[in-house]
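> Just dropping this structure here.
All of the numbers you see were taken from the coordinates with simple rules; none came from a lab. Keep in mind that this is a model prediction, so the values were computed, not measured. Neighbour counts run over all protein chains shown; Cβ positions are idealised from the backbone, glycine included.
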Amino acid sequence: MNAIQQSFPGRRTKTSAARRSMRAAVMLCALLAGIATARAQQATVSFSTAVDLALRNSNSVLAAQASVLKAEGLLMQTHDVYLPSLVGGSNLGYSYGFPLGQPTIFNFSTQSLIYNFSQMDYIRSARAGVQATQLSLQDARQQIIEDAAYTYIELDTALQQQQALEEQYAAANKLAEIATQRENAGIDSHVDVLRAQLTEAQIHLAQLHGRNNIASLREHLAHITGMPAANLSTETASIPPTPTTPVMDSLPDSPAVQAAQAAAHAEQETAIGDQHQLWRPEFGMSAQYSRFASFNNYAEYYKNFQSSNFGVGLQITLPVFDPERRARAKQSAAEAVRSQREANVLRDQAAEGNLKMINSLQEVSARETIARLESEISSEQLKTIITQLQASTTTNQLAPQLSPKDEQNARIDERGKFVQLLAARQDLTHLHLDLLRASGGLEEWVRSGSAAVSSSK
């Protein structure tokens with residue numbers, strides 16, 4: 001073996017250099033992976049950015065915008081029937097014998113509506129339809145804003161709760177260790193150990209539920225914003241302050257209710273217009289110019305034939321007997337009644353829901369106050385226990401007999417109360433957002449909050 005090494009003295013040096021190069025490459029890959037992981041962990045998005053991305057990526061908002069464009073096109077169409085239309089064409093051909101048609105080199109025709117008893121009703125119907133689609137677009141935007149705001153606030157709350165649960169679990173784990181040590185020392189019974197382990201298991205179950213909830217919220221937020229769901233995080237400071245909704249007996253109609261009322265009004269105007277189609281004349285204007293071909297044999301059969309021909313006239317139409325129009329008027333009248341009844345049902349349901357939210361506002365606010373006071377009390381109790389434990393170890397004065405077990409129990413209770421406080425604040429914020437959605441002020445709150453956050457920066 002020594003002879004072989006002496007025969008090839010450079011092989012060992014090359015092998016060591018290769019190993020060093022491989023180690024350097026592995027360290028470089030690990031460093032790059034760590035940088036990529038750190039960047040992925042910092043994939044945070046602000047509240048206003050999440051709402052804006054949700055609005056841009058929402059299919060319902062894009063569909064509502066298309067409905068607005070369609071309604072605007074229908075309104076233009078009802079107006080444009082009064083504008084003359086110009087159509088040009090050609091019917092060039094050859095004829096032999098008696099002319100069988102009117103082959104023209106080119107021809108132009110125009111026609112327009114002068115007066116119709118139903119057209120103004122159709123215009124008002126189209127205008128109400130535009131208003132209905134605009135209100136539907138506003139309602140769709142508020143629905144997406146509410147969804148994004150809900151999800152973002154829930155995710156931010158869940159992340160804070162998860163951090164508190166980790167601290168609570170650490171205290172429960174330490175409590176279980178202390179209980180085991182005290183059992184071995186003959187101070188506590190085995191039941192105390194089981195209780196500590198039960199507390200630890202319950203907190204672990206809450207952690208698992210919180211992690212699953214966070215994963216679900218991240219997936220939903222990523223779905224509505226178009227961002228990757230992995231390690232998606234929030235910025236607590238970017239969330240606008242909780243809106244303060246004044247207590248009132250009733251709320252104004254939401255955009256959804258107003259859209260339903262506008263759609264019902266459009267159906268009523270359409271029904272009136274269809275009813276006016278019966279036994280009422282319609283006046284129109286038409287004109288036409290044709291240039292006939294001179295190489296055909298028109299002159300042989302028509303006296304005073306000329307190539308250029310022009311005609312203009314007034315068209316008057318009187319529907320004497322038209323069962324189709326009568327049936328359409330009956331159908332549109334029934335549709336108007338149905339739309340109005342559905343709008344009334346939606347209005348009543350919205351009023352009942354608004355009343356429930358107004359009545360529950362004080363209750364939810366009281367629950368949040370109780371949760372805040374309980375959290376503050378548990379925090380002060382924890383400080384007192386820590387102070388007493390420190391005093392009992394530094395002085396020989398008589399003091400309450402406290403142990404590290406009491407400290408861990410106090411930490412578990414304080415973190416648990418804090419988790420409950422976060423949940424109560426989330427419920428209160430959601431109720432305020434529901435009230436803003438019902439009154440149509442949710443989008444304005446988001447804009448004002450974004451402006452306030454940007455100005456503070």
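> Rounded to the nearest Å, what's the spacing between the alpha carbon centres of the stretch 407-451 and the stretch 152-179? Just the number, please.
Spelled out, the Cα-based centre of one part sits 19 Å from the other.
> For a paramagnetic label modelled at 7 Å from the Cα of ASP52 toward its Cβ, which residues of the stretch 229-244 fall within the zone defined by backbone nitrogen distances under 19 Å?
233-241
> A follow-up question, please. What is the distance, in nm, between label points placed 7 Å from the Cα along the Cα-to-Cβ direction at SER109 and at ALA230?
6.6 nm
> By a straight-distance test (C-alpha under 19 Å), which aspartates and glutamates pair with LYS383 as possible cross-link partners, with residues fewer than eight away in the same chain excluded?
GLU167, GLU374, ASP406, GLU407, ASP413, GLU414
> Starting with the highest mean, order 123-133, 348-358 by the number of other Cβ atoms within 10 Å, averaged over the residues of each peptide.
123-133, 348-358
> GLN143: net charge of surrounding residues, Cβ under 13 Å, Lys/Arg +1, Asp/Glu -1, itself excluded?
Numbers: positive: ARG141, ARG437; negative: ASP139, GLU146, ASP147, ASP434, GLU443.
Charge balance in the 13 Å sphere: -3.
> Just flag the chymotrypsin sites (Phe, Trp or Tyr not before Pro) in the stretch 86-142 sitting in loop per DSSP whose Cβ has no more than 11 other Cβ atoms within 10 Å. Don't skip to the answer; put the middle values down first.
On the way: sites: TYR94, TYR96, PHE106, PHE108, TYR115, PHE117, TYR122; in loops: TYR94, TYR96, PHE117.
Sites meeting the loop and neighbour criteria: TYR94, TYR96.
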